[in-house]
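The values are calculated or read from the model by the stated rules, or taken from the named source; none is laboratory data. Remember, it's a predicted structure, so these values are computed and weren't measured experimentally. Here the Cβ positions follow ideal geometry from the backbone for every residue, glycine too, while neighbour counts run over all protein chains shown. Quick note on the areas: whole protein, heavy atoms, side chains included, nothing else; ligands and nucleic acids left out. Shrake-Rupley method; radii C 1.70, N 1.55, O 1.52, S 1.80 Å.
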There are 2 protein chains.
Amino acid sequence: MADGGLSIGQVAQRTGLSVHTLRLYEREGLLASEVRRDGSGRRVYSAWDVEWLANCVKFRASGMPLTTISRLAQLVRAGSGNEAERLELLRAHQRHITEQVAQLRDCLDLINVKVASYERHLTAGASGDPWHQQRPPAPQEHRIDGA
Amino acid sequence: MADGGLSIGQVAQRTGLSVHTLRLYEREGLLASEVRRDGSGRRVYSAWDVEWLANCVKFRASGMPLTTISRLAQLVRAGSGNEAERLELLRAHQRHITEQVAQLRDCLDLINVKVASYERHLTAGASGDPWHQQRPPAPQEHRIDGA
DNA sequence: CTAGATGCTAGACCGAGGTCTAGGTCAACG
DNA sequence: CGTTGACCTAGACCTCGGTCTAGCATCTAG
């Protein structure tokens, strides 16, 4: 392939997406630049396309829905003049990620406690089911609702 | 409701799940103890059930599939003797979360770069599209005239 | 007593995000 | 030449995790 263009198969290999998914993404408007085609209608991806797709993969992995990526792509495709909107979109996702990290840490705390508890249980011999420990009148943690 | 038993609606309120979802979770075997019923067949949740559900919510929020929660619930329901398996399951999810956090950080890095770049762009006046830094969209026309 | 919440079950429906198939084109290889 | 493999489109199909409806029973307040 001249000029560094890549076939869909090659792009699949280096993005980790399936060729099916690549075509889906294109249909859904996730690409920020139209994919070229060769003489017989086959897709030819530029290095820039691949780079963009790699970003898409990260966005997806961090929970950005296809529609949002599509909107971003649309803005980029539209060219200059909408930078503020792109920035807003990115900031929103930034916040979303931060929130996710907080939730993950929250769950991780819980799991760490349970894991430690089971490890104790297993190495020290049975001392009661860690998941059925009676909770004596406990210090009010973040109770969901006072009641 | 005597002895602190809660109705499904009350549980929905304090777990943030819908009553539909609560019934779904029960059908799918996510509950580690069978929910009691009152005289006329209505569910009566114990404080422990609610606590367990709150954990389920965290598990879900951290990407644990229903089937996995179900398996964990099943183990807990089965009682002592399978602690090693529970621990294994928890450790697997621990790893999964850690991996997710890494991915999120990875995406966050990317976004931070882009955000910074757009901020510069916007405050300092247009200086080129931050998303087209390396490769201007020079889509060299796909040949339409014969070869 | 009656209305209006709230609950019950069974099962249909939905959106997101893929994944796969059918049927066809094309280029290269032995 | 025929076959093989990568590619094309259109569209069906699938899983996951809910969400909602129908039709009925029960509780509670006025």
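Considering (1) in contact with a Phe, Trp or Tyr (Cβ under 6 Å, 6 or more places away or on another chain); (2) open to solvent by 20 Å² or more (accessible area, probe 1.4 Å); (3) within 8 Å of another protein chain (Cβ to nearest Cβ), say which one residue B:6 fails and leave the rest.
Single failed check for residue B:6: (3).
Find all pairs meeting these conditions: Cβ atoms under 6 angstrom apart; at least six residues apart or on different chains; first residue within region A:51-73 and assigned to a helix (DSSP H, G or I); second residue of a type in the set (Asp, Glu).
Once the first residue is assigned to a helix (DSSP H, G or I) and sits in region A:51-73, its partners that are of a type in the set (Asp, Glu) give A:66/A:28; A:70/A:28.
Test residue B:67 against the stated conditions and say whether it is surrounded by 13 or more Cβ atoms within 10 Å (Cβ to Cβ) and within 11 Å of DNA strand D (Cβ to nearest atom). I'd like the intermediate steps shown before the answer.
Values: surrounded by 13 or more Cβ atoms within 10 Å (Cβ to Cβ): no; within 11 Å of DNA strand D (Cβ to nearest atom): yes.
No: the conditions fail for residue B:67.
Is one or more of the residues making up region B:38-46 open to solvent by less than 50 Å² (accessible area, probe 1.4 Å), in a helix (DSSP H, G or I) and not aliphatic (A, V, I, L, M)?
No: zero hits.
Quick one: would you say residue B:77 is open to solvent by 40 Å² or more (accessible area, probe 1.4 Å), of a type outside the set (A, V, I, L, M, F, W, C) and more than 16 Å from DNA strand C (Cβ to nearest atom)?
Details: open to solvent by 40 Å² or more (accessible area, probe 1.4 Å): yes; of a type outside the set (A, V, I, L, M, F, W, C): yes; more than 16 Å from DNA strand C (Cβ to nearest atom): yes.
Yes: the conditions hold for residue B:77.
Enumerate the pairs (first residue in region A:5-31 and free of Cβ contacts under 8 Å to residues at least 60 places away in the same chain; second residue anywhere and more than 11 Å from DNA strand C (Cβ to nearest atom) and among the charged types (D, E, K, R)) with beta-carbon separation below 6 Å, excluding pairs fewer than 6 apart on the same chain, so at least 6 apart or on different chains.
So the pair list comes out as A:8/A:43.
Condition first: open to solvent by 50 Å² or more (accessible area, probe 1.4 Å), more than 7 Å from every other protein chain (Cβ to nearest Cβ) and modelled with pLDDT of 95 or more. Now tell me which residues in region B:80-105 satisfy that.
Applying the first criterion (open to solvent by 50 Å² or more (accessible area, probe 1.4 Å)) to region B:80-105 yields B:80-81, B:84-85, B:88, B:91, B:95-96, B:98-99, B:102-103, B:105.
Still in the running and more than 7 Å from every other protein chain (Cβ to nearest Cβ): B:81, B:85, B:88, B:95-96, B:98-99, B:102, B:105.
Passing the criteria: B:85, B:88, B:95, B:96, B:98, B:99, B:102, B:105.
Against the condition within 21 Å of residue B:63 (Cβ to Cβ) and more than 16 Å from DNA strand C (Cβ to nearest atom), how does residue A:88 come out, does it pass? Step through it out loud before you land on a result.
On the way: within 21 Å of residue B:63 (Cβ to Cβ): no; more than 16 Å from DNA strand C (Cβ to nearest atom): yes.
It is false that residue A:88 is within 21 Å of residue B:63 (Cβ to Cβ) and more than 16 Å from DNA strand C (Cβ to nearest atom).
Within the bounds of region B:22-29, is there any residue that is open to solvent by less than 30 Å² (accessible area, probe 1.4 Å) and within 11 Å of DNA strand C (Cβ to nearest atom)? Even if it seems obvious, please write down each step before you answer.
First, the residues of region B:22-29 that are open to solvent by less than 30 Å² (accessible area, probe 1.4 Å): B:22, B:25, B:29.
Of the ones still in play, those that are also within 11 Å of DNA strand C (Cβ to nearest atom) are B:22.
Yes, region B:22-29 contains at least one residue that is open to solvent by less than 30 Å² (accessible area, probe 1.4 Å) and within 11 Å of DNA strand C (Cβ to nearest atom).
Among B:31, B:89, which is the only one that is under 17 Å from residue A:130 (Cα atoms) and not in a loop (DSSP other than H, G, I, E, B)?
Values: B:31 fails: not in a loop (DSSP other than H, G, I, E, B).
Exactly one of B:31, B:89 is under 17 Å from residue A:130 (Cα atoms) and not in a loop (DSSP other than H, G, I, E, B), namely B:89.
Just to be sure I understand, how many residues within region A:106-133 are over 24 Å from residue B:51 (Cβ atoms) and within 8 Å of chain B (Cβ to nearest Cβ)?
Counting residues in region A:106-133 that are over 24 Å from residue B:51 (Cβ atoms) and within 8 Å of chain B (Cβ to nearest Cβ) gives 0.
Looking only at residues in region A:47-64 that are farther than 19 Å from residue B:132 by Cα and more than 7 Å from chain B (Cβ to nearest Cβ), which one is least open to solvent (accessible area, probe 1.4 Å)? Don't jump to the end; show me each part of the working.
If we filter region A:47-64 for residues that are farther than 19 Å from residue B:132 by Cα, which is where we start, we get A:60-64.
Filter once more, keeping what is more than 7 Å from chain B (Cβ to nearest Cβ): A:60, A:63-64.
Values: A:60: 93, A:63: 37, A:64: 2 Å².
Across region A:47-64, the extreme among qualifying residues is A:64.
Here are some conditions: (1) surrounded by fewer than 17 Cβ atoms within 10 Å (Cβ to Cβ); (2) over 27 Å from residue A:121 (Cα atoms). Residue B:33 meets all but one. Which one does it not meet?
Tallying (1) surrounded by fewer than 17 Cβ atoms within 10 Å (Cβ to Cβ); (2) over 27 Å from residue A:121 (Cα atoms), residue B:33 fails exactly one: (2).
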